[in-house]
Amino acid sequence: MIRDRDEERLARNFAASLKCIGVEANPRLFDEVQYQRRRQRFEYDMMTGQWLPAAVPGQEQLNRWSTESLIRKNSFNLAGAASPAIDAAIANLLASRTGEDSIWAARALDRILLSGFYFVPLQHANAIWCAHTAALRHPEHTPLFPMFPFGFTLESWWTQGAQPR
């Protein structure tokens, strides 16, 4: 299920790769309204998508992976994950009280999700490019903000001659 020509290009390329191993895939283009209705009702076999990571995984994992999220319209459990192991890992993550416990709980959830093969990576960019005027400056190292855990944050940029906030 795809919603625009850019996704169609990726989906057709992926379908051609699948054909090499004997799997037939037929990408279908839907207008935005049809696409959203089908997504909300989980009426698709496969779709393209992305999840932006959180600096510290937490409550959002319930809406992305829990068994309960499958019965809610508009949840982000787009892969249809439903497993007592996933539910238990999310519960452990949410119950963790120390940084070390959170890291171990997040790693456990990550391993469970990886073992489920819920996603097929289609592309990856290991850098974010940004064209800007030479008058703009930014910190040498990107500050970590919970709502912008990767890339750059324009909020931390300034104009040459002005002082950073």
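The values are calculated or read from the model by the stated rules, or taken from the named source; none is laboratory data. Computed from a prediction, not measured in an experiment: that's the story for all the values here. Heads up, the Cβs are rebuilt from the backbone with ideal geometry, glycines too, and the neighbour counts pull from every protein chain shown.
Can you say whether residue 25 is without any contact (Cβ under 8 Å) to a residue 40 or more places away in the chain and surrounded by 11 or more Cβ atoms within 10 Å (Cβ to Cβ), as far as the supplied structure shows? Explain how you work it out, then say what you get.
On the way: without any contact (Cβ under 8 Å) to a residue 40 or more places away in the chain: yes; surrounded by 11 or more Cβ atoms within 10 Å (Cβ to Cβ): yes.
In short, yes.
Determine whether residue 51 is closer than 25 Å to residue 115 by Cβ, exposed (fewer than 13 other Cβ atoms within 10 Å of the Cβ) and either touching a Lys or Arg at 6+ places or on another chain (Cβ under 6 Å) or of a type in the set (Phe, Trp, Tyr) (or both). Outline the logic, then answer.
Details: closer than 25 Å to residue 115 by Cβ: yes; exposed (fewer than 13 other Cβ atoms within 10 Å of the Cβ): yes; either touching a Lys or Arg at 6+ places or on another chain (Cβ under 6 Å) or of a type in the set (Phe, Trp, Tyr) (or both): yes.
Yes: the conditions hold for residue 51.
Only one of (1) in contact (Cβ under 8 Å) with a residue 40 or more places away in the chain; (2) exposed (fewer than 12 other Cβ atoms within 10 Å of the Cβ) is not met by residue 31, so which one is it?
(1)
What number of residues within the stretch 66-99 satisfy the criterion of being without any contact (Cβ under 8 Å) to a residue 24 or more places away in the chain and out of contact with any Ser or Thr (no Cβ under 8 Å at 6 or more places or on another chain)?
Result for the stretch 66-99: 11.
Suppose we keep only residues that are farther than 30 Å from residue 38 by Cβ and hydroxyl-bearing (Ser, Thr, Tyr) within the stretch 65-104. Which one would you say is modelled with the highest pLDDT?
96
Could you tell me which numbered condition residue 41 fails, if it satisfies all but one of (1) under 25 Å from residue 106 (Cα atoms); (2) modelled with pLDDT under 90?
Tallying (1) under 25 Å from residue 106 (Cα atoms); (2) modelled with pLDDT under 90, residue 41 fails exactly one: (1).
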